[in-house]
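No lab work stands behind these numbers, since they all come straight from the coordinates. Please read all numbers here as calculations on a predicted model, not as lab measurements. Cβ: placed from backbone, ideal geometry, glycine included. Neighbour counts: every protein chain shown.
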Amino acid sequence: MSEPVAVTAASSPQVPLIRVAGVTKRFGGVQALRGVNLEVLPGEVHALLGENGAGKSTLIKILSGVHRHDEGVIEIEGRTVAFDTPKQSRDAGVAVVYQDLSLVESLSVGANLMLGREPRTRLGFVRNRQLMATVSEFLRSHGIPLDPKTPVSALPFAYRQMTEICKALMGDVRVLILDEPTSALTGGEEQILFDAIHAVTARGVGVIYVTHRLNEVFRISQRVTVFRDGSNAGMFDTAQTDMKQLVAAIVGPGHAALQAREKTAVGVSVAASNRAVSGVETPGVTDEAAAVLAMSNVSNDRLHEVSLVVRRGEIHGLAGLIGSGRTEILQTIFGLRSVDTGAIEFDGHARQDLTPARAIQRGIALVPEDRHLEGLVLDHSIERNLTLPRLPQFSRWGWLRSQAAVQQAKRSMKELSVKAPNSSTAVKFLSGGNQQKVVFAKWNHPRPALLLLDEPTVGVDVGAREEIYGVVNDAAQAGTGVLVVSSDLDELLRLCDRISIVADGRIVKTVERAEVASAEALHHQIQLSRSSIESSKETPLRTHAI
C-alpha cells in the first residue's frame with residue numbers, strides 16, 4: 001500500500017463529540033479496518049471519503065451498533081463506548097442515514113418521521129393532528145419541500161431520501177452520520193439539505209458526511225478524513241486542501257482516475273477531449289448527424305409537448321430539478337410510459353405502442369436510477385443478471401445455453417473491470433461501483449443504438465466513476481446515442497455535448513456544452529427555466545412533484 005498522505009489538520013483542544021482511535025475489524029480472513037482514526041467536534045461537519053471497500057461502511061456499522069470492533073477505542077464525549085445493538089447507539093445519540101432507505105412506503109411522510117415516537121392519548125391512540133402539526137412545523141422551519149400527508153410510495157426516489165434524512169434530524173441527535181445523502185439531489189435540493197445540516201450543527205451536533213461527490217466536501221465540511229484499503233490515507237482542513245489532493249489520497253498516486261482528471265481541462269467535457277485525443281470524428285456534435293431518436297411534441301400524464309433529438313455518437317444531457325420530468329422522458333422512450341399525443345422516431349422510423357421488450361429489440365437500453373430495485377436481481381449471480389435482458393440471444397429451443405452465457409459474462413466483466421471472484425458471484429456481494437458496472441454490462445453486447453442513463457454514478461466512488469465515464473464515452477465514440485439524466489451538474493458538463501433543461505414536464509431550452517461556463521451557471525439557467533414556467537401558470541409548481 002502507498003504511504004499515507006501527510007496529515008495537514010492539527011488536533012483541536014475541544015473534546016470531540018466522537019473519537020475513534022486505532023479501531024480494527026476483521027471478517028474471517030478479511031481485514032476490513034486496520035487501526036483507523038477519526039474525530040468529530042461539536043458543530044463540525046467532518047467528511048469521510050474513500051473508494052468503495054475502503055472501510056467507510058464498516059466503520060459506520062460499528063458506530064451504529066451493527067458490528068462490534070475488534071480492537072481500539074471509541075469515545076462519545078469522552079466516555080468509552082462499545083455498542084452491541086443499534087438501540088444502544090441510538091440511545092447514545094448516534095443517528096445514521098444509510099443509502100438503503102428504511103422507510104415504510106405505505107405510510108405518509110409524517111407517520112414515517114414520527115415512527116416510534118408518535119404523540120398518543122392515554123388510551124394509546126395516535127394523536128394524528130398533533131403529529132402532522134409537529135412534522136409540518138419542522139419541515140416549514142427547515143425549508144424542506146415535503147407534504148407530511150403524502151404517502152412515501154408516491155414520492156420520487158430523491159424525496160424519499162430527503163424523508164429518511166429528516167427522520168434522523170428530528171430525533172435527539174448528538175452525532176449524525178449521513179451516507180451519500182445527496183446522491184439523487186440536484187443543486188436546489190442540495191442547498192435545502194445543507195441548510196438543514198447547518199441548522200443542526202448550530203445546535204452543537206457533529207456530522208460525519210460520507211460522499212463520492214467531492215465538490216460537496218468544499219461546500220459543507222470543515223475537515224476531511226480519507227480511508228484507503230481499511231487504513232487512514234490522510235486528514236485535512238478543508239480550507240487548506242484542493243480537489244487534486246483529495247483524489248490522490250482516495251485512489252493513491254498514479255491511479256487512472258487521477259490521470260483522467262489531469263487530462264481533462266477545465267471547461268472541456270471528457271467526451272470532447274477523448275474524441276480529440278483519439279482523432280475520431282464523432283457525428284454527435286454536428287447538425288448533419290443522423291438522429292437515432294427524435295421526439296416530436298410528445299405528451300402523456302407527466303410530459304407536455306416534449307421535442308428532443310439525440311444524434312448518433314452524441315452524449316445529450318437532461319438537467320432539471322427533482323420532479324421536473326427528466327426520468328419520465330427516459331421512461332417514455334423505453335416504453336414504461338405511454339404516449340398520448342405526439343410521435344417518437346428511432347432511426348427515422350415512427351414507433352407506436354412501444355414496450356420495454358420492443359425497445360430492447362430495437363436497440364434501446366436503460367440504466368435506471370435505482371439499480372437495486374430496477375436494475376439488478378441482487379440474489380442472482382453476475383452471469384444471470386447479464387443474460388436477463390438478452391435471453392433469446394442465449395437460448396436455443398427454449399433452453400438456456402449456459403456455457404455461452406458464462407463466456408459472455410466473463411468477457412463483459414473483463415471489458416468493464418468488474419471486480420468479483422467469478423461470474424457466479426451474487427451481485428449483492430459486490431460494491432456499489434461494481435454493481436453499477438454490471439448494470440452497464442447487461443447492454444454491452446450487442447452495443448445499443450440508444451443508451452438511456454438515469455443517475456449513472458449514484459453511490460459510485462471516484463475510481464469507478466471515471467471508469468463508467470470511460471464506458472459512456474466509448475459507447476458514444478462507437479456511434480451510440482446517449483441520453484443521460486444526472487443531478488450532478490458537474491457530471492453533465494464533463495460528459496455532454498448538449499444539455500436540455502427540463503421543467504414541469506417540458507424541455508424549456510437546449511444549450512451547447514460550450515455555452516455553459518460552470519455548474520453554477522447551469523443551475524442558474526435551471527432556476528430561471530423553472531421560474532418562467534411558474535410565472536406562466538395560474539398556480540405554482542408543486543415542490544414535492546407528486
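Points worth noting:
- Residue exposure sequence - K428, K167 - by fewest surrounding Cβ within 10 Å: K428, K167
- Where only DSSP H runs of four or more residues are counted, the chain gives -9500 deg cm²/dmol as its mean residue ellipticity at 222 nm, each run worth -39500 (n - 2.57).
- Within the chain, percent of DSSP bridges classed antiparallel, to nearest 5: 55 percent
- Neighbourhood net charge (12 Å Cβ-Cβ; Lys/Arg +1, Asp/Glu -1) for P368: -3
- The tail of the calculated P(r) for the stretch 306-361 beyond 18 Å holds 37 percent of all Cα-Cα pairs.
- Cross-link table K244/K410; K56/K87; K61/K414; K61/K167; K25/K167, entries beyond 24 Å C-alpha to C-alpha: K244/K410; K61/K414; K25/K167
- At 0.692 mPa s and 37 °C, Stokes D of the stretch 337-473 from Kirkwood alpha-carbon radius, µm² per second: 207 µm²/s
- Percentage of interatomic Cα-Cα distances in the stretch 20-146 larger than 23 Å: 48 percent
- Amide H contacts of T211 (H built 1.01 Å from N, under 5 Å, at least 5 apart or other chain): L48, E180
- For E39, distant residues with modelled amide H under 5 Å away: V20
- For I507, distant residues with modelled amide H under 5 Å away: S307
- Helix 157-169 axis, angle to the chain major axis (alpha carbon atoms, nearest 10°): 10 degrees
- Alpha-carbon spread of the chain, three principal axes, descending order, Å: 69, 58, 51
- Each distinct pair of alpha carbons in the stretch 396-546 adds a 1/r term; the inverse of their mean, the Kirkwood radius, is 18.0 Å.
- Residues W397, W443 arranged by fewest to most Cβ contacts within 10 Å: W397, W443
- Gap separating the Cα centres of the stretch 415-460 and the stretch 314-367, nearest whole Å: 21 Å
- Dimensions of the stretch 143-237 based on its C-alpha atoms, expressed as ranges along the principal axes with the largest first, amount to 45, 26, 23 Å.
- Selection among T225, L493, G35 by position relative to the dipole of the chain gives G35 as farthest towards the positive end (Cβ unit charges, Cα centre).
- Dipole magnitude of the stretch 101-157 about its Cα centre (Cβ charges: Lys, Arg +1; Asp, Glu -1), debye to nearest 20: 300 debye
- Whole-percent pair-distance distribution, where bins are 10 Å wide, for the alpha carbons of the stretch 101-157: 24, 52, 22, 2
- Working note: Karplus 6.51/-1.76/1.60 with θ = phi - 60° gives the stretch 513-525 the couplings 3, 5, 7, 10, 7, 6, 4, 5, 5, 5, 4, 4, 5 Hz, where Gly and Pro are set to x.
- Length-normalised contact order for the stretch 129-187 - Cα pairs under 8 Å, 6+ apart - percent: 27 percent
- Averaging 1/r across all pairs of distinct Cα atoms in the stretch 431-497 and inverting the result yields a Kirkwood radius of 12.1 Å.
- The ranking of R19, R219 from fewest to most other beta carbons within 10 Å of each one's beta carbon is R219, R19.
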